[in-house]
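Structure first, then comments.
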Amino acid sequence: MNFNDLNISDEIKKAIGDMGFSKLTPIQKQAIPQILEGNDVVGQAQTGSGKTIAFTIPVLEKIFIPDKSPQAVILCPTRELCMQVASEIKKVGVNIKKLKVLAVYGGQPIGKQTRVLKKGVHVVVGTPGRVIDHIQRGNLDLIGVEMVVLDEADEMLDMGFIDDIENILSNTPYRHQTLLFSATLPGEIRNIAKKYQKDPKFINISNKKENIPKISQYYFKCDVKDKFYYLSTLIGMYDVKSYLIFCNTRKSVDFVKKHLKHEYSVDALHGDMSQKIRDKVMNKFRNGNVNILIATDVAARGLDIKDVDVVVNFDVPQNHDDYIHRIGRTARAGKSGFAFTLVSNDESSRFNNIKKLNQTKIIKKRIG
């Protein structure tokens, strides 16, 4: 199915074509018609499956430009994701005259966001905390909101935003559409769907073969003391453009960075960094000025990094969900990628649990 087959405006069709898209991904094919019909939707899909476009097209189709009050609110777990989603919406809406889209999040002066909101905004993309802040200050009136989108709902849950989400949904007019997108559907997310959605259409494409990214997954058994040797050997063996290396702690991140920086262009991300420094590091990695990025799970939440060739788990992740989030950073948009996990003896039982739950085989490999 092509975007031209959809019953949407020529302005949006042109923008989608200019972005280089022609065929719909599975989540787009199923979600867009349902949302355009006015149905509430729960979409279960992995990161990188094209869900941002799946909700962006219907959101923009329903915007009435002369009304300058917010008509759609999109909630995201992180500042990084807010910026990406807002940027994508602007691209899809580039031909819609006078369309105003604003990203609101912590770490940016609230005054600047307030001034833009007062002038009039059609679509607000924000983190739950900052959205509530604007509501309480009287900057953001939800009276005209016709659509609320919860993007990466399971990540928002993990980050403790559940009360904020409920607060926002209960302040939204009774007659509106609620769209929920999530990689997994834990009980609390299902409860939100039950409480705030009206007869939602469930779309689950996360387990379908066509949506499984082409990731070759391997693991290497080694002593803790040999992990760095294994890592540097792998980097030498797979001469690719970009590596994303995951560690469980800041200490581990610092160790890997310190030992790799003599030979490679590397940088690091962890939760103790200011947002300004994180943005700077991300830009360097995206622009190719840094080839290897070392990060903790918290720092990498919500990151949408295109063209990562290899993901390495220097430390075995805490659980299968974290493993999926990590390796999902490679093989985006139909490309292929590699995922390597270094497993020491004391991580074996944790890794065996991950292996059992994994839908595709993680193959044991040796170095040398």
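Nothing in this text is a laboratory measurement; each read-out follows from the coordinates by a stated rule. Since the structure is predicted, the reported quantities are computational estimates derived from the model, not experimental observations. For neighbour counting, all protein chains shown are included, and Cβ atoms are generated from backbone atoms with ideal geometry for every residue, glycine included.
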Answer label for mean projected area of the Cα convex hull in nm² (calculated), chosen among (1) 24.0; (2) 26.7; (3) 18.2: (3)
Computed over segment 213-364, Kirkwood Rh from alpha-carbon pairs, angstrom: 15.4 Å
Choice from Lys258, Lys68, Lys90 showing the highest fluctuation, given a GNM over the chain with Cα pairs closer than 10 Å: Lys258
Proximal aspartates and glutamates to Lys276, defined as alpha-carbon separation beneath 18 angstrom and excluding residues fewer than eight positions away on the same chain: Glu80, Asp267, Asp304
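For the chain, what does the relative contact order come out to in percent, with C-alpha contacts under 8 Å and a separation of six or more?
Numbers: 654 pairs, mean separation 66.3, N = 368.
For the chain, the relative contact order is 18 percent.
About its Cα centre, how strong a charge dipole does segment 1-138 have in debye, to the nearest 20, once Lys and Arg get +1 and Asp and Glu get -1 at the Cβ? Provide the component values of the computation, followed by the final result.
Working: 19 positive and 11 negative charges, 134 e Å.
Around 640 debye, computed over segment 1-138.
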Charge-dipole axis of segment 210-272 as Lys and Arg at +1 and Asp and Glu at -1 on Cβ define it, positive-most pick from Ile235, Asn248, Tyr218: Asn248
Spatial separation of Cα centroids for segment 221-269 and segment 1-57, in angstrom: 38 Å
Choice from Ile168, Ile245, Ile294 with maximal GNM fluctuation in the chain (Cα, 10 Å cutoff): Ile168
Extended-chain gain in nm, criterion 0.36 nm per residue less alpha-carbon gap, Ser69 and Lys91: 5.9 nm
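Counting Lys and Arg as +1 and Asp and Glu as -1, each charge on the Cβ, what is the dipole of segment 213-364 about the Cα centre in debye, to the nearest 20? Please report the intermediate quantities before stating the final value.
Details: 26 positive and 17 negative charges, 54 e Å.
Using only the charged Cβ atoms, the result is roughly 260 debye.
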Most fluctuating residue given options Ala331, Ala15, Ala339, as computed from a GNM of the chain linking Cα atoms under 10 Å: Ala15
Cross-link reach list, lysines versus Lys112, counting only Cα pairs under 16 Å and skipping chain neighbours closer than eight places: Lys100
Residue-averaged 222 nm ellipticity for the chain, from DSSP H runs of 4+ at -39500 (n - 2.57), nearest 500: -11500 deg cm²/dmol
Test item: Cα-centred dipole of the chain, Lys/Arg +1 and Asp/Glu -1 on Cβ, debye: 700 debye
Potential lengthening between Asn345 and Lys225 on full extension [0.36 nm per residue; Cα-Cα distance subtracted]: 42.1 nm
Taking N as its residue count, the alpha carbon Rg of segment 3-204 over 2.2 N^0.38 Å: 0.94
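Arrange the following residues from fewest to most other Cβ atoms within 10 Å of their Cβ: Phe338, Phe181, Phe21. Before the final figure, lay out the partial values.
Values: Phe338 20, Phe181 25, Phe21 17.
Sorted ascending by nearby Cβ count, the order is Phe21, Phe338, Phe181.
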Burial ordering of His262, His325, fewest other beta-carbon atoms within 10 Å first: His262, His325
Cβ-based charge dipole, the chain, positive-most Cα from Asn171, Val94, Val104: Val94
